Amino acid sequence: MRRTHRLWAALLAAVLLLAACGGGERTRPDYMLYFLPAGEKLQGSALDWEPYSGGEDPSPEDLLEALLAGPTQEELASPFPRGVSLRSCDWDEEEPGVLQVTLSEQYGALTDISLTLADYCIVLTLSQLDGVEAVEIRSGGHNTGYRGNQRLQAEEALLWDSLIVQQVSGEETFS
Amino acid sequence: MAAPKRNKVPFFSSLQTKYALSYLAIFAVVLLLLNTYPVLASQDLLFASKRDSLKSQTAVMSSALMELETLTADQVTRVMSMLDSMGLDRILVTDPSGLVLYDSTQAESGDGTDGEESAPPEEEPQDQYALYQEVVYALEGNDVFFSRYADSCFISTAASPIVYRGMVIGSIYILELDEAQGELLLSLQQNLRYISLVIAGVTLVMSAFFSKMLTARIAALLRAIRIVGEGEYGHRLQPVGRDEMAQLAEEFNHLTDRLQTTEEVRRRFVSDASHELKTPLASIRLLADSILQTDKMDPETVRDFVSDIGREADRLTRITEHLLALTRLDSLPAGRTEPVDLARVTERVLSMLAPVADAAGVTLESSCKSGCVVRATEDELYQVAYNLVENAIKYNFAGGRVFLSVYREKDQVLLEVEDTGIGIPEEDLPKVFNRFYRVDKARSREAGGTGLGLSIVRDTVRRHGGWVTARPRAAGGSIFTVGFPQYQPAEEEGKEAI
């Protein structure tokens, strides 16, 4: 009889635990580092994030260094080629709000969608900082020629199909 | 006798709960299958149908767009305007970097075909990049399809690369939100849920009813066993139906019948035996007291008293011997049997009892046929014949006659003892084989009877598959007939061979 009670108690605990786990949702930290999902994900956003684990008020350089160091979580992958490093990160003197990021030459190996993904990992990460409205990314001191617009903004990145978000959550917008 | 302690059966250990839970468990599995399998199967069918449909649509659009060497927003918009949107909610065309060149939702809102002035669009960036997994996979050269069912809607996306001369020049992404099919599936789910609820309710009631019905009969049997266990042997069950429980009730009744009979016989036997043993003991005590307490008793009277004490002691010995014989018949298995000629055994009995008959003035006559062989032990057959002939002599008149015959009738061997004695009243005939039963007690004791001789005859005869009857003789006296199955040598050999 006592054994039966124990079994019921264990079953109840398991159900409660599953319920608790099932309802979990990631809370957004103050700063996020954007990377690529590592698994075989077929649908949804092509970018994912992990929390920035540095200080409370990071500088753009701090965020960029953390980004280039790669993700700490196994479910994420870095969009940057091996050996990419930060050369400089300065505010545009003529246009306030524009951050000019210069990376090493290895960044220039990226093209097409790989470049876009890497670009917006940087842009979305840096745009969390106050005052950052746009980001210009250079490779070895040169603009990437085949990029139509050199000044990249976070709003340009469509991470979710708004119609799907609207259908699932009933919300008009999704950020 | 104290009633045995009865523990109350715990709720979850009771048979009723177990039966009810078994029914419920079975139906729960059935309901679970009913609520999952059809829905999942329908979902899979719809997913497959959507995959084929969306893939073919992306293929059509992709082939239309691959005519363009390079993709520009204007060219793509021109081509797409010529294609039917085919009920899709969104169509996106991107260049190799994921830049959106065409978005059907923006194209539609910009048309203003209904003539109404549309609200000014929110400030949107000039360039937009579709950073969807589907687009990324498509730009890597793969066809992608994904569909899921959420909030009563099928959300399906598909993407394909646009390839020109082996080069990926862009991708096409389509989205379909199918609420109609979703509603259909939801209504199927709801209907199944309602049906399941009804079935669950009915099952709950039925399982309670059936388990109660089944266990009620077990409970009745348990109650009956307890009642009989407390000594009320007359309690019986009423079998209902023809199932195993009814058979169990019938078996219980048979068992109780036998128990009741055995108990009655035991009580009567103990009572009779006590009484029979007490009588000679009381006589012995009385005679001994008389000798002890009477001064100067003349030797002749003392001799008479001592002689009476000896006679009573002999009676006690006979009673105890007969009781032992009956106990042996009750408890011990039959000894090693053999073919015995009944005629030969009865001749021995007659020669043994001839002096007794002479002393009583009774004539013994016999007629024994040859070949009357039965399978038994010779000693037991001797005892049967001896008891019957001795009784016939004892309860006869001086000058009376005892006629003994052994003969065959069909497949039986019969032993018949006929006397011209005092006879047995009709109403006493069924009881004469009972232990300690005497028709005339005074005469029986006087004749040295114990009231057990005929019981021994009956038990011995039955032990060898035979029977015994008593009936009055028309001209006065009684006839006792004993029947045994005739020994069949061929049959016996056949059995041995088998």
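The values are calculated or read from the model by the stated rules, or taken from the named source; none is laboratory data. These numbers were taken from a predicted model, which means no experiment stands behind them. Here the Cβ positions follow ideal geometry from the backbone for every residue, glycine too, while neighbour counts run over all protein chains shown. The area values use the complete protein model at the heavy-atom level, side chains included, leaving out ligands, DNA and RNA. Shrake-Rupley method; radii C 1.70, N 1.55, O 1.52, S 1.80 Å.
Annotation: peptides B:195-207, B:90-102, A:57-69, ranked by per-residue average of other Cβ atoms within 10 Å with the highest first, follow the order B:90-102, A:57-69, B:195-207.
Here the spin labels are modelled as points 7 Å beyond Cα on the Cα-Cβ line, and at A:L163 and B:L281 they lie 11.2 nm apart.
For the segment A:153-166, counting C-beta atoms of other chains within 10 Å of every residue's C-beta and taking the mean gives 5. For chain B, with all protein chains in place and a probe radius of 1.4 Å, 56% of the accessible heavy-atom surface sits on carbon or sulfur. Annotation: amide H of A:R138 within the under-5 Å range of A:V101, A:T102, A:L103, sequence separation 5 or more or interchain, hydrogens built in the peptide plane.
Accessible surface buried by the A/B pair amounts to about 2700 Å², both sides summed, 1.4 Å probe. Subtracting the Cα-Cα distance of B:D379 and B:T481 from their residue separation scaled by 0.36 nm leaves 34.8 nm. Which residues of the range A:95-123 show a drop of at least 20 Å² in accessible area when all protein chains are present, compared with their chain alone (probe radius 1.4 Å, heavy atoms only, ligands and nucleic acids excluded)? For the range A:95-123, once contacts with the other chains are taken into account, A:D112, A:I113, A:T116, A:L117, A:Y120 lose 20 Å² or more.
Solvent-accessible area per residue in the protein assembly as shown equals 58 Å², computed with a 1.4 angstrom probe and all protein chains kept.
For B:V163, the residues whose amide H sits under 5 Å from its own are B:I169, ignoring neighbours fewer than 5 places away on the same chain, with H placed 1.01 Å from N. Total lysine pairs in chain B at Cα distances under 25 Å, for residues eight or more apart or on different chains: 13.
Annotation: extensible slack from B:L33 through B:E347 equals 104.4 nm (criterion: 0.36 nm per residue apart, minus Cα-Cα distance). The gain in end-to-end length when the B:L45 to B:V202 segment is fully stretched comes to 53.3 nm, 0.36 nm per residue minus the alpha carbon separation. Across chain B, Cα pairs under 8 Å and at least six residues apart give a relative contact order of 10 percent. Amide H to amide H distances under 5 Å link B:Q412 with B:Q486, where only residues 5 or more positions off or on other chains count and H is placed in the peptide plane. Ranked by the mean number of other Cβ atoms within 10 Å of their residues, highest first, the peptides B:242-248, B:418-424, B:184-190 come out as B:418-424, B:184-190, B:242-248.
Rounded to the nearest 10 degrees, the angle from helix B:244-293 to the longest Cα principal axis of chain B is 30 degrees. List, by residue number, every residue in the range B:62-107 with a reduction of 30 Å² or greater in accessible area between the chain on its own and the complete protein assembly, 1.4 Å probe. The answer is B:R90, B:P96, B:S97 - residues whose exposure falls by at least 30 Å² when every protein chain is included. Placing dummy labels 7 Å off each Cα toward the beta-carbon, the span from B:Q488 to B:A288 is 5.8 nm. The calculated FRET efficiency for the pair A:W91 and B:F12, based on their C-beta separation and a Förster distance of 56 Å, comes to about 0.15. Rounded to the nearest 10 degrees, the inclination of helix B:73-82 to the longest alpha-carbon principal axis of chain B is 60 degrees. Once the Cβ-Cβ distance of B:L83 and B:D143 is raised to the sixth power relative to R0 = 25 Å, the FRET efficiency obtained is 0.85.
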